[in-house]
Amino acid sequence: MMVLPTISYWRAKRYYYNMVGSVCRSCGREFFPPVKVCPVCGSRDIEQKLMPQMGRLITYTITRQLGSSFKRFRPITFGLVELDNGVKVLGQLVDFMDEQLREGIRVRMVIRRLREDGEDGVIFYGYKFTPDEP
Ligand SMILES: [Zn+2]
């Protein structure tokens, strides 16, 4: 999950919080983040579409070197997820035991706290993924 500066975060909030992407009405391909022009067929006939909350974990990586605002979460595991509509997104993996994590497992999107912004205490939320199997 990309962390955005405050102003653009609020502007983009509806897209990230709800995971609103877009679909091309000409070729049917779906995109996240949303696009205005289809990169596949060049059409501008695009409409917003909610992305599916389920997908498959393609691969993952454990990150131990992160900035101070992430300290409380370290180490962090990021996964590349292919949603059920074929769109690939990068997101943090949460709420799992190490033995659950395998490439190819089903995952489900959850909304979780991303970080707090300094003393103002603005709390950022965004999508993360958790295993959806025992
Ligand atoms: Zn298209």
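The values are calculated or read from the model by the stated rules, or taken from the named source; none is laboratory data. Keep in mind it's a predicted model, so treat the numbers as computed, not measured. Note that each Cβ is placed from the backbone with ideal geometry, even for glycine, and that neighbours are counted across all protein chains shown. When the accessible area is computed, the model is the full protein with side chains, heavy atoms only, and any ligands, DNA or RNA have been set aside. Shrake-Rupley method; radii C 1.70, N 1.55, O 1.52, S 1.80 Å.
If M19 passes every condition in (1) away from the ligand (no atom under 16 Å from the Cβ); (2) among the hydrophobic types (A, V, I, L, M, F, W, C); (3) modelled with pLDDT of 90 or more but one, which one does it miss?
Unmet for M19, out of (1) away from the ligand (no atom under 16 Å from the Cβ); (2) among the hydrophobic types (A, V, I, L, M, F, W, C); (3) modelled with pLDDT of 90 or more: (3).
Restricting attention to the stretch 22-48, which residues are part of a strand (DSSP E or B) and open to solvent by less than 30 Å² (accessible area, probe 1.4 Å)?
S22, V23, C24, F31
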